[in-house]
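I have placed the structure first, in the form of structure tokens, so that the comments after it can refer back to it.
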Amino acid sequence: PRRGPNTTRHRVRRGRTETDEAAPGHLRSMADRVAPGAVARGGFLGAAARWLVGATVAGEGTLVVNVAGSFALAATAGAVRSRRLRLFLATGVLSSFTTYSTFAVASASLDPVAGAASVGVTYALGIAAAGVGLAVGRWVA
């Protein structure tokens with residue numbers, strides 16, 4: 001295959017094509033330079049989608065985005081091999097659509113005891129941090 005400054009080697013792993021991690025250094029650094037833009041564009045779309053769901057789904061918008069985001073993140077993690085597309089979809093779109101999806105997939109990926117511990121600790125710390133944040137917000141206002 002042709003190799004040059006604008007090409008990348010691909011390999012097949014478990015039936016899927018993925019970018020060769022041994023790509024020339026200038027290609028990796030170029031990908032690193034475009035990563036913030038990919039995340040930002042995805043974040044804009046995810047935030048707009050979350051607003052749209054909240055504006056159109058009465059009462060259960062948060063539940064809808066959390067469940068849909070969990071499914072979409074798991075599907076992305078399982079199907080997308082491109083680093084740039086994963087950054088755009090998972091870190092950009094889905095992280096601004098819902099952060100719960102990341103939490104759900106990470107907890108489900110653990111063994112049952114560690115997953116339950118992760119859920120318990122995350123909820124306990126999250127609720128405590130929210131309480132402190134509310135207190136600080138009220139104090140500052």
Stretchable slack from VAL67 to LEU125, in nm (0.36 nm times residue separation minus alpha-carbon distance): 18.7 nm
Order by accessible surface, 1.4 Å probe, largest leading, for residues ARG138, ARG81 comes to ARG138, ARG81
Of TYR100, TYR123, ordered by accessible area with the largest first and a 1.4 Å probe, the sequence is TYR123, TYR100
So how exposed is LEU89, as accessible area in Å² (1.4 Å probe, rounded to 10)? 50
Would you mind pulling out the separation of the Cα centroids of the range 32-60 and the range 65-117, in Å? 14
Extending each Cα 7 Å along its Cβ direction at VAL34 and ALA117, get the distance between those two points in nm, one decimal. 4.1
Considering only protein heavy atoms, what is the solvent-accessible area of PHE71 at a probe of 1.4 Å, reported in Å² to the nearest 10? 150
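The values are calculated or read from the model by the stated rules, or taken from the named source; none is laboratory data. Given the structure is predicted, the values throughout are model-derived calculations rather than measurements. In this analysis, Cβ positions are derived from the backbone assuming ideal geometry, glycine residues included, and neighbour counts consider all displayed protein chains. We work out accessible area using only protein heavy atoms, side chains counted, and drop any ligands, DNA or RNA first. Shrake-Rupley method; radii C 1.70, N 1.55, O 1.52, S 1.80 Å.
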